[in-house]
1. Percent of Cα-Cα pairs more than 22 Å apart in the chain, please.
2. Near the amide H of Leu95, under 5 Å away, which other amide H atoms are found, from residues 5 or more places off or on another chain, if H is placed in the peptide plane?
3. How high is the relative contact order of the chain, in percent, counting Cα pairs under 8 Å that sit 6 or more residues apart?
4. To the nearest 20 debye, what charge dipole does the chain have about its Cα centre, counting +1 at the Cβ of each Lys and Arg and -1 at the Cβ of each Asp and Glu?
5. Multiply the residue gap between Asp155 and Glu141 by 0.36 nm, knock off their C-alpha separation, and tell me the result in nm, one decimal place.
6. Kindly identify region 54-111 as rounded, prolate or oblate by the Cα gyration tensor criterion: order the square roots of the eigenvalues as a ≥ b ≥ c, call it rounded if a/c is under 1.5, otherwise compare a/b with b/c, prolate if a/b is larger, else oblate.
7. Using 0.36 nm per residue, how much length does the chain from Leu32 to Asp103 gain when fully extended, once their Cα-Cα distance is taken away?
8. Once phi is turned into θ = phi - 60°, what whole-Hz ³J(HN,Hα) does the Karplus curve with 6.51, -1.76 and 1.60 give for every residue of region 33-48, x standing for Gly and Pro?
Amino acid sequence: METTHARDAATTPSRATASPPGPGAAFLLAQLGSYAAAQFAERVAELDLVPAQTGLLRAVAASPGQSQQALAQLLGTPPSRLVALVDALEERGILQRRRNPDDRRLHALHLTEAGQLLLRRIGKAARAHNDAFCRALDPTERDQLRAMLTRIADDHDLTPGVHPGYRNL
């Protein structure tokens, strides 16, 4: 009679003969994240933007009228660093600061018409980037990957839609 241990040993490759394990999931995510960020930066550079500006524009569009302080908190960046991003976009006529009607000490941020047009171009670039990046996956696999990555991000309490790179601006 064969023992369970003997049967398992016969069907399980030994560490000496097994191929070495590949990189872990965290490493692959970091590798792909770095690559994806660099590729996205190249795409938005064609729009004369840096990724941090695109994220700021998305945040303003998602909730027009937020104060700079509220946006800085949402993005996890120091308010002084956010001011420089806002200044550059305001100078280009993409963002507009308006006095907050509830608290005149605060500035409410809004996209201008030019900002709304630019945001549509950013969306088009982002979709092309996603399609190129995930070209090895069929639509069902893309949905599965997104669902799994969302679960991991939620487990780590990451703010949905906000790149953690804002903390390092």
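1. Percent of Cα pairs beyond 22 Å in the chain: 57.
2. Residues meeting the amide H criterion: Glu90, Thr112.
3. Numbers: 123 pairs, mean separation 39.5, N = 169.
About 23 percent, as a whole number.
4. On the way: 20 positive and 18 negative charges, 91 e Å.
The calculation lands at about 440 debye.
5. Details: separation 14, 0.36 × 14 = 5.04 nm, distance 2.10 nm.
2.9 nm is the gain from fully extending Asp155 to Glu141.
6. Values: a/c = 1.33, a/b = 1.12, b/c = 1.19.
It is rounded, given that a/c, with a ≥ b ≥ c, falls under 1.5.
7. Values: separation 71, 0.36 × 71 = 25.56 nm, distance 4.32 nm.
Extra length available between Leu32 and Asp103 comes to 21.2 nm.
8. Each residue of region 33-48 in turn: x, 5, 5, 4, 5, 5, 5, 5, 4, 5, 5, 6, 4, 5, 9, 6 Hz.
Read the figures in this text as sums done on the coordinates, not as results from a lab. Computed from a predicted model, the values in this text were never measured in an experiment. Glycine also receives a Cβ, built like all others from the backbone with ideal geometry; neighbour counts cover every protein chain displayed.
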